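So the structure is just underneath, and the comments pick up after that.
The values are calculated or read from the model by the stated rules, or taken from the named source; none is laboratory data. Just so you know, these numbers come straight off a predicted model, no measurement behind them. Here the Cβ positions follow ideal geometry from the backbone for every residue, glycine too, while neighbour counts run over all protein chains shown. For the accessible areas, the whole protein counts, side chains as well, though only heavy atoms, and no ligand, DNA or RNA atoms are used. Shrake-Rupley method; radii C 1.70, N 1.55, O 1.52, S 1.80 Å.
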Amino acid sequence: YWPSFVLLSVNVLRVPLHYHFFINSPMALGSIVQFLENRTILVTGATGFLAKIFVEKILRVQPNVRRLYLLLRATDTKSALQRLNTEVIAKDLFRVLKEKQGENLSSLISQKLTPVAGDITYKNLGVKDPQLLEEMWRDVDVVVNLAATTNFDERYDTSLSLNTFGAKHVFDFAKKCVSIELLLHVSTGCYNPSSLFGISNCFPPPISAYVSGEKAGLIPEKPYSLGETLKGKSGLDIDVETKVVEQRLEELRAERATPESITAAMRELGIQRARKYGWPNTYVFTKAMGEMLLGQVKDNMPLVILRPTIITSTYKEPFPGWVEGIRTIDSLAVGYGKGKLTCFLGDPESVIDLIPADMVVNAMIAAMVAHANQQGEIIYQVGSSLANPVAFSEIQDYGQRYFSEHPWVNKDGTPVKVGKVTVLSTMASFRRYMAIRYLLPLKGLQLVNTALCQFFQGTYLDLHRKIKFVFRLVELYEPYLFFKGIYDDRNTAELRTATRKMGDEADKFYFDPGCINWEDYFINTHIPGVVKYVFK
């Protein structure tokens, strides 16, 4: 999300105590490094951005971890191993570990990492090898769920399978582990709007992974209740949602709909069902239902739900600035640096809740230690909007300064000159902009095309499709464009306080956004990292 900046008064910040899901007693942490020694951890979504950083961190700080089982989508063990080597270990992220381990790295990888072919949408996580299943159920101490689909308008059936019932499958697997100490469920990653570039010169802003439904004020760290909706009443039934999907699929098959038509219908169904209960899109709706299921079935399972906001490049470890893929805010950097972004829809004074990826991973590890073998559910919102807010206008300034001094060089060798971006601060200004710059020229092209016997038909249809897609994106993003929420992180702050008391280990497992100088971070770390690892 990209919430609009609001000055929260003392009265707003002093929300009632029952809004917060506090830890009942002062938290004390033992040694994190010692905790990790001889532990066996299962990680789902192992080729994802956060998962890679998590695996690298564990191996670097505690090479005596017993084993990391890494669940990857693959047809068999050989394919899983190939994905592990090419999509994880081969990344520049692991260069510090390679330097530290030297020729011992290969043996460390083979001894400590076990790639597992599987899929969380299936029972037993899709693991087919009965011997491997028994081994995992016997040995796994901690389960970390990082698997999800983060597309806002994903097919409803797909999103339900992964984000809702996938979470339940991970829980069921964890319950079978005889030595289970904790399930850590991460509301992962951010929507990736990289496809926006090349569509138009005007894009709605990217937004973060999790929306709790609050539109303004302080958003508390609290769990969902089963059946809860964002319209102030209960009535959501997950079983009914499954039946709705099945019924719609049957109708489409009976109509002999094409695969493309089925995909479009499933996407539209997801948006419709989400908005029926108050959620803005399929992603956050299905993630919320996943949390509801976990809260219902948790029983005596120690359960941590961690909600990171917009995840950015590494702040410090294993080295500053590592990032992978066009991750939300980075899409703006890519478009602006290459001279493609000339327009932005949203409030320039909005607070953008950012958190570096290594801080998220450190919070994950600290939470594992704090709550292992502790019955109950705890929510951690890991972000910066409360402790160290940064406005979009500031980031815009950092980007302009960086690319003015270090312009991107095109393939033809010419540097790209950047200037100020036109900011459309209301939906009305966006509609005027689109009408004047795109819709009127499109209408003119239509008339010329008609007069010339469809000579420009291909061009007309292509532009019409692109403009229609932009309006679709704005429809998806509209609930967030002028969002006025700030994420509370009081539970996370208490965890940080406990971590600071660990002596030397406090420096290894840092996750305090208050220490970030955003100007220095963007100009000297984040944007250079995006240029190095993302620009193509």
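Net length available on complete extension from Glu251 to Glu478 is 78.7 nm, with 0.36 nm assigned per residue and the Cα-Cα distance removed.
Multiplying the residue separation of Lys176 and Lys276 by 0.36 nm and subtracting their alpha-carbon distance yields 32.4 nm. Calculated mean residue ellipticity at 222 nm for the chain: -13000 deg cm²/dmol, from DSSP H runs with n ≥ 4 weighted as -39500 (n - 2.57), summed, divided by the residue count and rounded to 500. Solvent exposure of Ser234, expressed as accessible area, is near 90 Å², computed with a probe of 1.4 Å over the protein chains only.
Placing a label point 7 Å from the Cα of Lys468 along the Cα-to-Cβ direction, the residues of region 243-283 with a backbone N closer than 18 Å are 258-269. Solvent-accessible area of region 406-519 (1.4 angstrom probe, protein heavy atoms only): carbon and sulfur portion equals 60 percent.
Look at the alpha carbon pairs under 8 Å that are at least 6 residues apart: their mean separation over the length of the chain gives a relative contact order of 22 percent. A cut-off of 5 Å between modelled amide H atoms, ignoring neighbours fewer than 5 places along the same chain, links Val382 with Arg307, Thr309. In sequence order, region 101-118 has phi-based couplings of 8, x, 6, 7, 4, 4, 5, 4, 4, 5, 7, 9, 10, 10, x, 10, 6, x Hz under the Karplus curve 6.51 cos²θ - 1.76 cosθ + 1.60, θ = phi - 60°, and Gly or Pro positions carry x.
Can you bin region 259-333 into rounded, prolate or oblate? Criterion: square roots of the alpha carbon gyration tensor eigenvalues sorted a ≥ b ≥ c, rounded for a/c under 1.5, prolate for a/b above b/c, oblate for the rest. Verdict is oblate for region 259-333.
Surface exposure of region 297-417, expressed per residue as accessible area with a 1.4 Å probe, stands at 31 Å².
Would you mind getting me the FRET efficiency between Arg431 and Glu37? Use the beta-carbon distance for r and R0 = 60 Å, nearest 0.05.
0.50
Ligands, DNA and RNA excluded, the heavy atoms of Phe319 present near 20 Å² of accessible surface to a 1.4 Å solvent probe. Annotation: the antiparallel percentage among DSSP beta bridges lying fully within region 298-392 is about 10.
Secondary structure note: in the chain, about 5% of the DSSP beta bridges are antiparallel. Give the shape of region 413-536 as rounded, prolate or oblate, defined through the alpha-carbon gyration tensor: a ≥ b ≥ c are the square roots of its eigenvalues, a/c under 1.5 means rounded, and otherwise the shape is prolate if a/b is larger than b/c and oblate if not. Cα axes put region 413-536 in the prolate bin. Taking every Cα-Cα distance in the chain and sorting them into 20 Å bins from zero, the calculated P(r) comes out as 21, 55, 23, 2 percent. Reachable lysines from Lys484, Cα under 27 Å, same-chain residues fewer than 8 places away excluded? Once the sequence-local lysines are set aside, what remains near Lys484 is Lys215, Lys222, Lys231, Lys233, Lys276, Lys287, Lys420. For region 527-536, 3J(HN,Hα) computed residue by residue from phi via the Karplus equation (6.51, -1.76, 1.60; θ = phi - 60°) reads 5, x, x, 5, 4, 6, 9, 10, 4, 9 Hz, glycine and proline entered as x. With contacts taken as Cα pairs under 8 Å at a separation of at least 6 residues, region 234-364 carries a relative contact order of 21 percent. Taking amide H atoms as placed 1.01 Å from N in the peptide plane, the amide H of Thr149 lies under 5 Å from those of Asn163, each 5 or more residues away in sequence or on another chain.
Find, among the GluC sites (Glu not before Pro) in region 249-304, those assigned to loop by DSSP (not H, G, I, E, B) with at most 11 other beta-carbon atoms within 10 angstrom.
In loop regions of region 249-304 (DSSP not H, G, I, E or B), the sparsely surrounded GluC sites (Glu not before Pro) are Glu255.
Judged by the gyration tensor of its Cα atoms, with axes a ≥ b ≥ c, region 385-475 is oblate; a/c meets the 1.5 cut and b/c is at least as large as a/b.
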